[in-house]
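Okay, so here's the structure we're looking at.
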Amino acid sequence: MEDEMTDEDRPKIQEGNHQHVVVDPSDAVTGLGFVLGSVGAAVGVVAAIVAAPQLDASAVLYCLIGGLAGGSAGVVTGGLIGAVFSVARGTPR
């Protein structure tokens, strides 16, 4: 038994100007991870500045730690949301 598709098995595609955009799941995960990672890093830096008891040399370290923590949280959240959108939308092959 062969697994080749015949013309009767292929889906009928209507002619016209219809464009169906299919986003690759890896692009969605990477894109949302990058965007939310950048936002998370910015939020982490601002939160570190606000939470710092005084602005001195240690505030730079607080900002670095806050940026890394916020950025990594944003990357994980963005990747999760991108994966959920990709799976929910489906990718026709």
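Numbers below:
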| quantity | calculated |
| --- | --- |
| Residue list for the range 16-57, restricted to those being surrounded by fewer than 16 Cβ atoms within 10 Å (Cβ to Cβ), at pLDDT below 85 and either assigned to a helix (DSSP H, G or I) or among the charged types (D, E, K, R) (or both) | ASP24, SER26, ASP27 |
| Close pairs from the range 50-79: first free of Cβ contacts under 8 Å to residues at least 60 places away in the same chain, partner part of a helix (DSSP H, G or I) and among the hydroxyl-bearing types (Ser, Thr, Tyr), Cβ under 6 Å, at least 6 apart | ALA52/TYR62 |
| Pair list, Cβ < 8 Å and 6+ apart or interchain, from the range 17-36 residues that are over 12 Å from ILE81 (Cα atoms) and of a type in the set (Val, Ile, Thr) to residues that are in a helix (DSSP H, G or I) and modelled with pLDDT of 65 or more | VAL23/SER86; VAL23/ARG89 |
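The values are calculated or read from the model by the stated rules, or taken from the named source; none is laboratory data. Here the structure is a predicted model, which means the values were calculated and not measured. All Cβ positions, even for glycine, are placed from backbone atoms using ideal geometry, and neighbour counts span all protein chains on display.
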